[in-house]
Amino acid sequence: MPRTAIIGTGFDVPERVVTNDDLARWMDTSDEWIRERTGIEERRWVEEGTTGAAMARRAAESALADAGVAAEAVDAIVLGTLSPDHFFPGTGVFLQRELGLRDVPCLDLRAQCSGFVYGLSVADAWIRVGQYRTVLLVGVEIQSTGLDRSTRGRDMAVLFGDGAGAAILQATDEPNRGILSTRIHADGRFAETLWADASSSARHPRLSVEDLEAGRHFPRMDGREVFKHAVRRMPEVLGQVLEAEGLTTADLDLLIPHQANLRISQMVQKRLGLSDDRVYNNIQRYGNTTAATIPIALAEASREGRLRRGDLVGFVAFGSGFTWGASLVRW
Ligand code: COA
């Protein structure tokens, strides 16, 4: 059975930088509060006219160039997002069209912050059984258009940013290369702990004037509950993939955790006993870009020369659902 190698990475973020001081002009918050609680210094927000599909295309083109393969080599697209350009169809088909591809299947994946790890699991299974040889995996998010920019929404609005990250996954017979193991989980008991209630098909009508006035179309969360579960589940699931391969944290060359909050990453790092140089964080510059955080961080780490052939790289994610997962890759 072949393994799945990550042969190229790419990312795209909007040019518009939104600093903590910018946010403090719209809501009652401060640079100090945001840095202290989250580590975030700035994030990118799209200008009107930029779609998720367009960012996804730029990230995908960069990943294809990095891999040295043409778009026509892509056999399937898997796209993770919680902020699709439209209710339906999924952003994947818009990306396919932007790339000039036809016929290849497009799977939109709704696993929120765990979208990239869930996508790795699906794409890896397809590749291993020989269904597809080359899969384009993208995480893309436009959070900024869905945030409550008033003081009412400050706990959420300061956290999130926009962006896209992409990876080209391809079958390889090279020994000692590729995805070793992936584990994914969910616990729907916590579905409303981090969610957006409206607009939704469960509501009649899907979106009412009252919903708008009450702000039910904005995401809401119990931040402390999310924090508590994230710092427990991420080390736990990483332990599962390491154990499956007979490895330990001492074998990890680089861990790329989902970028939800720098304090969460630091606590996970501490629990795993990893030194600073073995954990990649870029939340300071981008905030939480949900499904896009891991592929953006992976593409940046790759461009900074942080990944060498043979390195053991770990991905770990936790988010709304709750969903969580981890993957181990021999680079
Ligand atoms: N600026 C200033 N004050 C803020 C604020 C902001 N942006 N957001 C919330 N506050 C206030 C609260 O209103 C509260 O005030 P009160 O004590 O007068 O009621 C106070 O700060 C403390 O709020 P609390 O929610 O207890 O803070 P916290 O220490 O838990 O930090 C988070 C809040 C959101 C930073 C933190 O809970 C967190 O990061 N959780 C995980 C969230 C996450 O990662 N979500 C995505 C998962 S994928």
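The values are calculated or read from the model by the stated rules, or taken from the named source; none is laboratory data. Quick caveat, the model's predicted, so the values are computed rather than measured. Because the Cβ atoms are built from the backbone with ideal geometry, glycine has one as well, and the counts that use them run over all protein chains shown. Protein only, heavy atoms only, side chains kept; ligands, DNA and RNA dropped before computing areas. Shrake-Rupley method; radii C 1.70, N 1.55, O 1.52, S 1.80 Å.
Just a few scattered comments:
- Shape parameters for region 188-294, alpha-carbon atoms, Rg then Dmax in Å: 17.8, 56
- Projected label distance in nm at E36 and A65, using a 7 Å step from Cα toward the beta-carbon: 4.3 nm
- When +1 charges are put on Lys and Arg Cβ atoms and -1 charges on Asp and Glu Cβ atoms, the dipole computed for the chain relative to its Cα centre reaches about 600 debye.
- Positive-end residue, the chain charge dipole about Cα centroid, Cβ charges, pick of G92, G319, S30: G319
- Sum of -39500 (n - 2.57) over DSSP H runs of 4+, divided by residues of the chain (222 nm, nearest 500): -10000 deg cm²/dmol
- Local net charge near I294, Cβ-Cβ under 13 Å (Lys/Arg +1, Asp/Glu -1): -2
- Simple spin-label estimate for Q131 and T248 gives 3.8 nm between the two label positions (7 Å along the Cα-to-Cβ direction from each Cα).
- 14 Å beta-carbon shell around D66, net charge (K/R +1, D/E -1): -2
- Charge tally for G239 (other residues, Cβ to Cβ under 12 Å; Lys, Arg +1; Asp, Glu -1): +1.
- Extent along principal axes [Cα atoms of region 116-233; Å; largest to smallest]: 57, 32, 26
- Surface share of carbon and sulfur [accessible, 1.4 angstrom probe, percent] for the chain: 47 percent
- Put a dot 7 Å past the Cα of R97, heading toward its Cβ, do the same for T19, and the two dots end up 3.9 nm apart.
- Its Cα gyration tensor gives region 66-190 an equivalent ellipsoid, and the semi-axes of that ellipsoid, as √(5λ) in whole Å with the largest first, are 29, 18, 13.
- Of the residues W33, W126, the one with the largest accessible area comes first in the ranking W33, W126, computed with a 1.4 Å probe on protein heavy atoms.
- In this structure region 3-172 gives 41 Å² per residue of accessible area when probed at 1.4 Å with all protein chains present.
- Normalised by 2.2 N^0.38 Å, where N is the number of residues, the alpha-carbon radius of gyration of the chain equals 0.94.
- Probing with 1.4 Å while keeping every protein chain in the model, the per residue accessible area of region 178-330 equals 42 Å².
- Segment S208-A191, extension gain: residue separation times 0.36 nm, minus the distance between their alpha carbons: 3.9 nm
- The magnitude of the dipole of region 178-330, with charges of +1 and -1 set on the Cβ of Lys/Arg and Asp/Glu and taken from the Cα centre, is near 140 debye.
- Extension gain for the segment F88 to R224, taken as residue separation times 0.36 nm less the Cα-Cα distance, is 45.7 nm to one decimal.
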